[in-house]
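A short write-up of the structure that comes next.
What follows draws every value from the coordinates through simple rules; no lab data is involved. Predicted model, so just to flag it, every value in this text is computed and none were measured. Don't worry about glycine lacking a Cβ; one is built from the backbone with ideal geometry, like all the others, and counts go over all protein chains shown.
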């Protein structure tokens, strides 16, 4: 591909912006269409980099996640150098506490660096755990990044690199034969040589692709100002159906629900109650911390909860969507490998498991057979 050619990325979330920065740094001319940056799935994230704590079984998905986690330090260093902004990257490790009555079999991915901590050992790692915690797994190579700070840094990088942003809503991908001919917005038609679909939970509005929104509610509390230390929690706590993510500035993020309610906005009493109950069970001191904020977002979920990446039925359209709970974690590897695919035609074997063709009933797959 001639690097002077235009690439149009539809979608301005973590994935779309990460790919835009990657392509621009490699010499491509890039434009991003995004109506509302605040709707992105990044809002429903805590920024955990947790392929092991998530207990992803040995699979292409685990390999993909581990590769992205390994890319994180250099990727963050590059982004912070471009912008001068901190991202809150913190390789803090993650503890996955186990409470009375919960199973604690050895994780399938236990060949990786992990350690079982008994009731006494886990309390040496983290003081103040709930009395029902009987032990837990320690994953020293997992960590976190501040998702909001990361998103702000990506937006700043877009500005620093002079990547054009079109703040309009894409309403249609214009098809012509086996190619995309343009993108229709509410105000105009925009054309490019190559296109990327990175609209997350809204992807199905533009393409017949099996992605639906999965709502996630979250909240944050803050360590009281008179507390003797800024942050008593020194590692992420990843429990059953709940996670507690400390920030170094004293904030603590608690998440997250997972609800099949379409694009239904707003926090609910039931959602907040379940999060607070789960968090206080793991770390009782939280019940005394002032609540700071409630929010929600929409994650893009596929039927198998794996992303849809790479080539599509149209030769000039690349898919970068469906990351579900792992958009923050997978941003570096998605940007790198899709950058290779778009600019050189090279498709890394890691992408093979995430091709759209694994959904034979999808309109995209049916169209491919017609085009062939």
Give me 203, 220, 357 sorted ascending by neighbouring Cβ count inside 10 Å, so fewest comes first. 357, 220, 203
Mind pulling the angle between the C-alpha long axis of helix 14-25 and the longest principal axis of the chain? Nearest 10 degrees, somewhere in 0 to 90. 60 degrees
Relative to the longest principal Cα axis of the chain, at what angle does helix 60-83 sit, 0 to 90 degrees, rounded to 10? 90 degrees
Could you give P(r) for region 192-336, binned at 5 Å from zero, as whole percent values over all Cα-Cα pairs? 2, 9, 16, 17, 15, 13, 10, 8, 5, 3, 1, 0
Can you put 183, 166 in order of Cβ neighbours within 10 angstrom, beginning with the fewest? 166, 183
Using a 7 Å offset from the Cα along the Cα-to-Cβ direction at both residue 315 and residue 152, what is the distance between the two label points in nm, to one decimal? 4.5 nm
Principal axis extents for region 126-256, Cα atoms only, whole Å, descending order, please. 63, 34, 26
Can you give the calculated 222 nm mean residue ellipticity of the chain, where each DSSP H run of n ≥ 4 adds -39,500 (n - 2.57) and the sum is split over every residue, rounded to the nearest 500 deg cm²/dmol? -8500 deg cm²/dmol
Note down, for region 272-323, the three equivalent ellipsoid semi-axes (square root of 5 times each alpha carbon gyration tensor eigenvalue), biggest first, whole angstrom. 40, 12, 8
Kindly put 181, 263, 238 in sequence by how many other C-beta atoms sit within 10 Å of each C-beta, fewest to most. 263, 181, 238
How far is helix 327-344 tilted, in degrees, relative to the longest principal axis of the Cα atoms in the chain, given as a value from 0 to 90 rounded to the nearest 10? 30 degrees
Students often check this: by mean Cβ neighbours within 10 Å, which of 154-161, 70-77, 13-20 ranks highest, and how do the rest follow? 13-20, 154-161, 70-77
Once the Cα gyration tensor of the chain is diagonalised, what are the square roots of 5 times its eigenvalues, in whole Å and ordered largest first, as equivalent ellipsoid semi-axes? 37, 21, 20
Using only alpha carbon pairs under 8 Å that are at least six residues apart, calculate the relative contact order of the chain and give it in whole percent. 24 percent
Difference of contour (0.36 nm per residue) and Cα-Cα distance, residue 178 to residue 77: 32.4 nm
Suppose each label sits 7 Å from its Cα in the direction of the beta carbon; what would the residue 162-residue 291 distance come out to in nanometres? 4.8 nm
In whole angstrom, how far apart do the alpha carbon centroids of region 78-143 and region 251-313 sit? 19 Å
